[in-house]
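K.L.:
Can you keep this structure in mind? I'll have questions shortly.
Bear in mind these aren't lab numbers, they're just calculated from the coordinates by the rules spelled out. Only a predicted model underlies this, so the values are computations on that prediction, with no experimental measurement involved. Counting neighbours? That spans all protein chains shown, and the Cβs are built from the backbone with ideal geometry, glycine included.
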Amino acid sequence: MRLLKAFLIGLMFVLCADMVAARRMIKPSEYGSVTIRSFSHQAGLAPVRFDHWLHRSLYTCRLCHVDIGFAMEANATRITADANIKGFYCGSCHDGTRLHDKKIIFASCSVNATPEERMRCSRCHSVGKNVQKEYNYASFAEKLPKGGMEELIDWEKAEARGLIHPVDFLIGVSMQRQPLNAQKDFSITSRSTWMPDIIFSHKKHVMWNGCEVCHPDIFPSVKKGVVKYSMLQIANGQYCGLCHDRVAFPLNECDKCHANPVQ
Amino acid sequence: MNKLKIFVVVLVAAISILLLAPAAKEGMLSPAGAAYAQDDWKKEFEAICSKTQDSAALSPDELNNLVDRCNKLRPRIEKLDETQRKVYLKRLQMCRDLFAFVLESKEKK
């Protein structure tokens, strides 16, 4: 019996270590990266590697996922070169005329591209290629606060310290909105007695996401207790897990959500 | 007298051409209705979707009205070209869903 117990405990440790190791395999520079391969193959191009870290340091989630209309699921938007050329999706910013940091943002796609222009394609269509990117994660992240086991960028702290200033409005794309009335924070009772309750900050989420990113698609009810969230569902990418553990901070940073001291 | 008539007619024609030529060049003449209509749907779209920000503070009547406006705007967006249709239908749907969601939440309280 003792041998069996020891074996089970040992097995648990091995499984946990495996899980941690598997998570650790994602480099901070690749955390949140999305491979977009909707039509690249038909166009004779490599799939696009989209770096969330670069874009989220400049723009809020809402700007891209509401105002521009990118789906919250990889490849669900079905982005075409034609749409980009017409100034939608990537072309909303990457139009060859808009400025960022006093530099022109390169145009995303073009018709009848010259050989020189085709060189530009690989700035985005870079999967499987050895492309020297203009922005380097290591130098970018150097001065930003980090946290958690994986030493990922703590975006919330970075913004609070004024190190990043995500833009929430894009001329010609976004619409003028009333100033935001942030909803109150609230607590969600933990389903495990040994785990502190969750303090959900509406303010933090609304500032970056607005309302329509989360409601009703991700959270179809606001009535307390109607939906029973489980960590298994969240780890499977439902509810909080749609962003957390994919783009937003990972699930192993338990105390960021389970922040209410146990009474 | 005839000469004067001809002169007036020619003058009116010339002035008309001068005034209308630049407008025609800018495409304001033939697809004028279309351009105006396009502007029109976008204004309505922006007027509706700019309200998502404070949707929780709106009354059920206001929310119902916004849902109705979304429903009315939808067929107009469906007539746009493929890309615009895809982008704006999705955006409109997000706005509509949020208003309906807030309305439902308020009614359940």
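K.L.:
By how many nm would the segment from A:M195 to A:A74 grow when fully extended, if each residue of separation counts as 0.36 nm and the alpha-carbon distance is taken off?
P.N.:
40.3 nm
K.L.:
Which whole-number percent gives the relative contact order of chain A, counting Cα pairs below 8 Å spaced six or more residues apart?
P.N.:
Across chain A, relative contact order equals 18 percent.
K.L.:
Additional query: Using only the alpha-carbon atoms, how far is helix A:2-24 inclined from the longest principal axis of chain A? Give it as 0 to 90 degrees, nearest 10.
P.N.:
20
K.L.:
Something else: Taking every pair of Cα atoms in the range A:31-139, average 1/r, invert it to obtain the Kirkwood radius, and report Rg/Rh to two decimals.
P.N.:
0.92
K.L.:
Give, as a single signed number, the net charge of other residues whose beta carbon lies under 11 Å from the beta carbon of B:F99, with Lys and Arg counted +1 and Asp and Glu -1.
P.N.:
So the environment of B:F99 carries a net charge of -1.
K.L.:
Now for a different question. Given the C-alpha atoms of the range A:155-263, compute the convex hull and give its volume per residue in Å³.
P.N.:
So the per-residue hull volume is 136 Å³.
K.L.:
I would also like to ask the following. Determine the relative contact order of the range B:39-109: mean sequence separation of Cα pairs under 8 Å and six or more apart, normalised by residue count, in whole percent.
P.N.:
43
K.L.:
Net charge near A:Y239, counting Lys/Arg +1 and Asp/Glu -1 over other residues with Cβ under 12 Å of its Cβ?
P.N.:
Every neighbour counted, the sum reads -1.
K.L.:
Same structure, new question: Please report, for the Cα atoms of the protein assembly as shown, the Rg to one decimal and the Dmax as a whole number; what are they, in angstrom?
P.N.:
Radius of gyration, then largest Cα-Cα span, for the protein assembly as shown: 26.5, 125 Å.
K.L.:
As a quick test, which of the pairs A:K204/B:K90; B:K79/B:K109; A:K133/B:K43; A:K27/A:K86; A:K204/A:K224 have an alpha carbon distance above 29 angstrom in this structure?
P.N.:
B:K79/B:K109; A:K133/B:K43; A:K27/A:K86
K.L.:
Taking the Cα centre of the range B:39-109 as the origin and placing charges on Cβ (Lys, Arg +1; Asp, Glu -1), which of B:L63, B:V87, B:P75 is farthest toward the positive end of the dipole?
P.N.:
Toward the positive end, the furthest listed residue is B:V87.
K.L.:
Once the other residues with Cβ under 9 Å from the Cβ of B:E44 are scored (Lys, Arg +1; Asp, Glu -1), what is the net sum?
P.N.:
Surrounding charge for B:E44 is +3.
K.L.:
If I take all pairs of Cα atoms in the range B:39-109, what percentage of them are more than 14 Å from each other?
P.N.:
56
K.L.:
Further question: Given a cut-off of 31 Å, name the pairs among A:K146/A:K184; A:K146/B:K42; A:K203/B:K106 whose C-alpha atoms lie farther apart than that in the structure shown.
P.N.:
A:K146/B:K42
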